[in-house]
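The values are calculated or read from the model by the stated rules, or taken from the named source; none is laboratory data. Fair warning: this is a prediction, and the values are worked out from it, not measured in the lab. As a convention, Cβ positions derive from the backbone with ideal geometry for all residues, glycine included, and neighbour counts pool all protein chains shown. Just the protein is used for accessible areas: all its heavy atoms, side chains included, with ligands, DNA and RNA removed. Shrake-Rupley method; radii C 1.70, N 1.55, O 1.52, S 1.80 Å.
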Amino acid sequence: MGRRSVSARFSTPRSVRHPPEKIVAWQVLSNEIRACVLCSLHQTRTQAVVYRGTLAPTVLFVGEAPGVAEDLAGIPFVGRSGQRLDVAIGQVGLTVDEFGVLNLLKCHPPKNRFDRAAERACRPYLDRQIAFLGPKVLVPLGSHAFHALAPEGPPILTAAGQPYPQEGPSLFPLIHPAAAMRSRRLAERWDRDVVALGRWLRGRTE
Ligand code: SF4
């Protein structure tokens, strides 16, 4: 696609300069998350993993939980899944001031087992982050993220690769990038759905 940015195709102009009070408010929320002991995952984490991206994202990618690499780095999606996601973000034409990446759970669950009790405890942080960041589009990555945002939604393999109708920000689910590394079939599905996401983002204002 051309280099005209996705946000330029949306109606609201963006600025990479954020008001100081907005930055401070975000830091307060981030520090609250980093100090959180609301569920048992605080006992095994290296650190909470809060967010990476602009404070005014057009598109917000929502993953499930930090992995080992993210737990060590303190940054979401920096491992192999993150590399695949970053390639996809480039393919759909998003620039650094147009997207953000976070997870449902802010702390790494041992053995990567998704923890329902932690999800319930952590959910208010996700809602506050989304309300603060105000994205126009949410891209849940994988089943847990999709069903957290669309509880009545169909299985992720049915929903992925197309917009899912709901109130609020638009929802366009994808399978999790880690799933795309499990089989050739899922890798092809990931590639197809990323192309569909790029086409849909472009079509929103054309
Ligand atoms: S996973 Fe969420 S609720 Fe649990 S300790 Fe970490 S930040 Fe707190």
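Taken over the stretch 36-85, the criterion of being assigned to a helix (DSSP H, G or I), open to solvent by 60 Å² or more (accessible area, probe 1.4 Å), touching a residue at least 60 places away in the same chain (Cβ under 8 Å) and of a type in the set (S, T, N, Q) is satisfied by Ser40 alone.
Sort out which residues of the stretch 56-77 are under 19 Å from Val96 (Cα atoms), hydrophobic (A, V, I, L, M, F, W, C) and touching a strand residue (DSSP E or B) at 6+ places or on another chain (Cβ under 8 Å), and write them in order of number. Those that are under 19 Å from Val96 (Cα atoms), hydrophobic (A, V, I, L, M, F, W, C) and touching a strand residue (DSSP E or B) at 6+ places or on another chain (Cβ under 8 Å): Val59, Leu60, Phe61, Val62, Ile75, Phe77. Set side by side, the residues Pro109, Pro20, Pro66 differ, and just one is within 17 Å of the chain's Cα centre (by Cα) and more than 22 Å from Leu201 (Cα to Cα), which is Pro66.
In the set (1) in contact with a Pro (Cβ under 6 Å, 6 or more places away or on another chain); (2) within 10 Å of the ligand (Cβ to nearest atom), Ser40 fails one condition alone, (1). Restricting attention to the stretch 112-125 and to residues that are more than 9 Å from the ligand (Cβ to nearest atom) and under 21 Å from Ile75 (Cβ atoms), the residue that is least open to solvent (accessible area, probe 1.4 Å) turns out to be Phe114. His108 satisfies every condition listed in (1) within 16 Å of the ligand (Cβ to nearest atom); (2) assigned to a loop (DSSP other than H, G, I, E, B); (3) surrounded by fewer than 17 Cβ atoms within 10 Å (Cβ to Cβ) except (3). Within the stretch 178-200, is there a residue that is out of contact with any Leu (no Cβ under 9 Å at 6 or more places or on another chain), assigned to a helix (DSSP H, G or I) and among the aromatic types (Phe, Trp, Tyr)? There is at least one residue in the stretch 178-200 that is out of contact with any Leu (no Cβ under 9 Å at 6 or more places or on another chain), assigned to a helix (DSSP H, G or I) and among the aromatic types (Phe, Trp, Tyr). The residues listed here are Ala88, Ala73, Ala69; of these, the one that is touching a helix residue (DSSP H, G or I) at 6+ places or on another chain (Cβ under 7 Å) and of a type in the set (A, V, I, L, M) is Ala88. Annotation: of all residues in the stretch 97-117 being more than 17 Å from His144 (Cα to Cα) and out of contact with any Gly (no Cβ under 8 Å at 6 or more places or on another chain), the one that is modelled with the highest pLDDT is Glu98. Restricted to the stretch 197-206, and to residues there that are modelled with pLDDT of 95 or more and open to solvent by 20 Å² or more (accessible area, probe 1.4 Å), the residue that is nearest to Thr58 (Cα to Cα) is Trp200. Being touching a helix residue (DSSP H, G or I) at 6+ places or on another chain (Cβ under 7 Å) and either part of a helix (DSSP H, G or I) or away from the ligand (no atom under 12 Å from the Cβ) (or both) is the requirement here; does Phe132 meet it? The answer is yes for Phe132.
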